[in-house]
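The values are calculated or read from the model by the stated rules, or taken from the named source; none is laboratory data. Computed from a predicted model, the values in this text were never measured in an experiment. Don't worry about glycine lacking a Cβ; one is built from the backbone with ideal geometry, like all the others, and counts go over all protein chains shown. Protein only, heavy atoms only, side chains kept; ligands, DNA and RNA dropped before computing areas. Shrake-Rupley method; radii C 1.70, N 1.55, O 1.52, S 1.80 Å.
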Amino acid sequence: MEDIKNTYDTSSLSDMPPEEFRKYGYQLIDWITEYLKDAEKYPVLSNINPGDVKNKIPLNPPNKPEQFNDVLSDIDKIIMPGMTHWNHPNFMAYFNSTASAPGILAELLSSAFNINGMLWKSSPASTELEQATLDWFRQMLSLPDDFWGIIYDTASVSSMHAIAAARENVNIQTRKKGLSGRKEIPRLKLYCSEHAHSSIDKGALTLGIGLEGIRKIPVDKDFKMITKKLGEAINEDRKKGWLPFCVVATVGTTSTTSIDPVPEIAEICKREKIWLHVDAAHAGVTAILPEMKNILDGVENADSLVVNPHKWMFIPIDLSVLYTKHQDILKRAFSLVAEYLKTSHDSEVENYMDYGIQLGRRFRSLKLWFVIRYFGVEGIQNILREHLRLGKLFAGWIDEHPKFERMAPTPFSTTCFRANPGNMDEKKLDALNEKLMNKINESGKLFVTHTKLNDKFVIRLVVSGIRTKEEHVINAWDLIQQTYSEIK
Ligand code: PLP
């Protein structure tokens, strides 16, 4: 027999020793504590040039162990200059995602456990905590109890799974036969408004629906889907031989946070027997507030809903929740149990791997558990309520200023606005506002992003960060006005 004894030094074959882990662990927690406490002292938007970070990193990996202290000190030297700080109170761009301290601790614990929650058996606690916390979250959103939930990483992935379930729902045997080369089945059509998030298109593309299979329904002056146009589009497409299979309504569109008329859309979907998916990725969490509950009106008649606690519930990215009334259909679309994954518990438990493309699953529900318990529902409500108030405050300042104008309603805390001195054509106004936004962002004191509404360049300011207080919104408005007066 071959000699299989080792010939090398075995003292270096183990993990970091516990005492070293403890030492660096405390050091890192101290570093994070200071970072979060002083997030404001950093420029919110990194102003480095492309390649600056990479150029500081050796081309080849180290052959010999390095001092962990050196690794930690490189965070300040190499990483920090290249950071755009999503935790910064003046990060008012895109839709923010801020990490609360309990969420960060849960993330740490999750990687320490390092479980794979593919099966109940592979981590019973992960599966059951996911079930329990998603039921809490369902109650917080006042959703009916026939909504079953699952955690994915992002809303893009949640919506893709909802569209896959919608495709499974039309019973054209996609699972068995696929879509291509089948003359006997009609082509599938999905509907969403012109303002739906691009993740819907990407989901449809992934699932073989094709760009021609996505129909964008026009919006009204408030950027909400025009329901009548939806009904007409479905009729027209049916006549042409298409098979309408899915409508996506948005509660809180990305550009303006407009709310599609879900109750009316749900009626059409019911009549036409079409799956209704509601994308409330950003704004959905505000339904936790009794006074905002009505934003999810009609969702009780939808087939699925996505809400992202990682966007506006202070849970570090990533954690997106998909609820559906048709757990069975989602399972039919995805379940495929290889022999080595079969367990003796399968008939009594839920194996989350059955409900999606990924096998491996992180222990994300710890984050929901920690955050909901630490703040309590009331604590989360209070912060959301304050954000909504601050958003309205900012929108009011825009309305009052003679040289600024609001470009869309502000149903949540996102304001779409532009500077308008009153003597410029649209092209010049676009250039002025782009310059204004770039100058603001170059200052490092505030980060805002833009969109286009009716072809006009519009700046968006979003209040949703856990560290954003009234003083930050006041400072943001001062900076915007001051920058405008410098460039006009
Ligand atoms: N849906 C809406 C309405 C969004 O605004 C966004 C992102 O901002 C998404 C979906 C995609 O979110 P995620 O990054 O979680 O995929």
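So which of Ala408, Ala431, Ala419 ends up being aliphatic (A, V, I, L, M), farther than 30 Å from Ala99 by Cβ and touching an Asp or Glu at 6+ places or on another chain (Cβ under 9 Å)?
Criteria check complete, one pass: Ala419.
Of the residues Asp478, Asp399, only one is within 27 Å of Phe314 (Cβ to Cβ), charged (D, E, K, R) and more than 26 Å from the chain's Cα centre (by Cα); which?
From the options Asp478, Asp399, the qualifying one is Asp478.
Checking Val321 against (1) open to solvent by less than 10 Å² (accessible area, probe 1.4 Å); (2) away from the ligand (no atom under 16 Å from the Cβ); (3) hydrophobic (A, V, I, L, M, F, W, C); (4) outside any helix (DSSP H, G or I), which test does it fail?
Failing condition for Val321: (2).
What do you reckon, is Ile295 within 16 Å of the ligand (Cβ to nearest atom) and open to solvent by 10 Å² or more (accessible area, probe 1.4 Å)? If you could, list the steps in order and put the result at the bottom.
Details: within 16 Å of the ligand (Cβ to nearest atom): yes; open to solvent by 10 Å² or more (accessible area, probe 1.4 Å): yes.
The answer is yes for Ile295.
Report whether or not Asp328 is among the acidic types (Asp, Glu), assigned to a helix (DSSP H, G or I) and buried (at least 18 other Cβ atoms within 10 Å of the Cβ).
Against the criterion (among the acidic types (Asp, Glu), assigned to a helix (DSSP H, G or I) and buried (at least 18 other Cβ atoms within 10 Å of the Cβ)), Asp328 does not qualify.
Show me the strands (runs of 3 or more DSSP E) entirely contained within region 159-269 in which 2 or more residues are more than 16 Å from the ligand (Cβ to nearest atom).
Working: elements: 188-193, 214-217, 243-250.
Those strands (runs of 3 or more DSSP E) span 188-193, 243-250.
Across region 127-158, which residue is least open to solvent (accessible area, probe 1.4 Å) among those that are away from the ligand (no atom under 16 Å from the Cβ) and acidic (Asp, Glu)?
Glu130
Confirm whether Thr84 is of a type in the set (S, T, N, Q), without any contact (Cβ under 8 Å) to a residue 24 or more places away in the chain and within 23 Å of His310 (Cβ to Cβ).
For Thr84, the condition - of a type in the set (S, T, N, Q), without any contact (Cβ under 8 Å) to a residue 24 or more places away in the chain and within 23 Å of His310 (Cβ to Cβ) - is not met.
I'm trying to understand the selection: among the residues of region 270-306, which are part of a loop (DSSP other than H, G, I, E, B), among the charged types (D, E, K, R) and in contact (Cβ under 8 Å) with a residue 40 or more places away in the chain?
Asp303, the sole residue that qualifies.
Give the residue that is most open to solvent (accessible area, probe 1.4 Å), with candidates limited to residues of region 36-62 that are free of Cβ contacts under 8 Å to residues at least 40 places away in the same chain and assigned to a helix (DSSP H, G or I).
Lys54
Taking strands (runs of 3 or more DSSP E) that do not extend beyond region 399-482, which have at least 3 residues that are open to solvent by less than 10 Å² (accessible area, probe 1.4 Å) and touching a Leu at 6+ places or on another chain (Cβ under 8 Å)? Don't jump to the end; show me each part of the working.
On the way: elements: 404-406, 414-419, 449-453, 456-462.
Fully inside region 399-482 and qualifying: 414-419.
Write out, first by first residue and then by second, each pair whose Cβ atoms fall under 8 Å of each other, whose residues are 6+ apart or on separate chains, and whose first residue, in region 104-128, is on the phi > 0 side of the Ramachandran plot while the second is among the β-branched types (Val, Ile, Thr) and part of a helix (DSSP H, G or I).
From residues that are on the phi > 0 side of the Ramachandran plot, there are no pairs.
For region 109-119, give me the residue count where each residue is open to solvent by less than 50 Å² (accessible area, probe 1.4 Å) and farther than 17 Å from Leu319 by Cα.
Counting residues in region 109-119 that are open to solvent by less than 50 Å² (accessible area, probe 1.4 Å) and farther than 17 Å from Leu319 by Cα gives 1.
Report yes if Phe370 is open to solvent by less than 40 Å² (accessible area, probe 1.4 Å) and in contact (Cβ under 8 Å) with a residue 60 or more places away in the chain, otherwise no.
no
Checking Val278 against (1) open to solvent by less than 10 Å² (accessible area, probe 1.4 Å); (2) more than 16 Å from the ligand (Cβ to nearest atom), which test does it fail?
(2)
Take region 331-365 and flag every residue that is hydrophobic (A, V, I, L, M, F, W, C), outside any helix (DSSP H, G or I) and either at pLDDT below 95 or open to solvent by 80 Å² or more (accessible area, probe 1.4 Å) (or both).
Those that are hydrophobic (A, V, I, L, M, F, W, C), outside any helix (DSSP H, G or I) and either at pLDDT below 95 or open to solvent by 80 Å² or more (accessible area, probe 1.4 Å) (or both): Leu336, Val337, Ala338, Val349, Ile357.
As an exercise: evaluate Tyr94 against (1) part of a helix (DSSP H, G or I); (2) surrounded by fewer than 19 Cβ atoms within 10 Å (Cβ to Cβ) and give the number of the one condition it does not meet.
Here Tyr94 meets the rest and fails (1).
When region 374-385 is examined, which residues are found to be without any contact (Cβ under 8 Å) to a residue 12 or more places away in the chain and either on the phi < 0 side of the Ramachandran plot or surrounded by 14 or more Cβ atoms within 10 Å (Cβ to Cβ) (or both)?
Glu378, Gly379, Asn382
Within region 4-32, can you find the residues that are assigned to a loop (DSSP other than H, G, I, E, B) and either over 15 Å from Gln67 (Cα atoms) or open to solvent by less than 100 Å² (accessible area, probe 1.4 Å) (or both)?
Ile4, Lys5, Asn6, Thr7, Tyr8, Asp9, Leu13, Ser14, Met16, Pro17
Anything in region 298-318 that is within 10 Å of the ligand (Cβ to nearest atom) and of a type in the set (S, T, N, Q)? List them, or say none.
Within region 298-318, just Asn308 meets the criteria.
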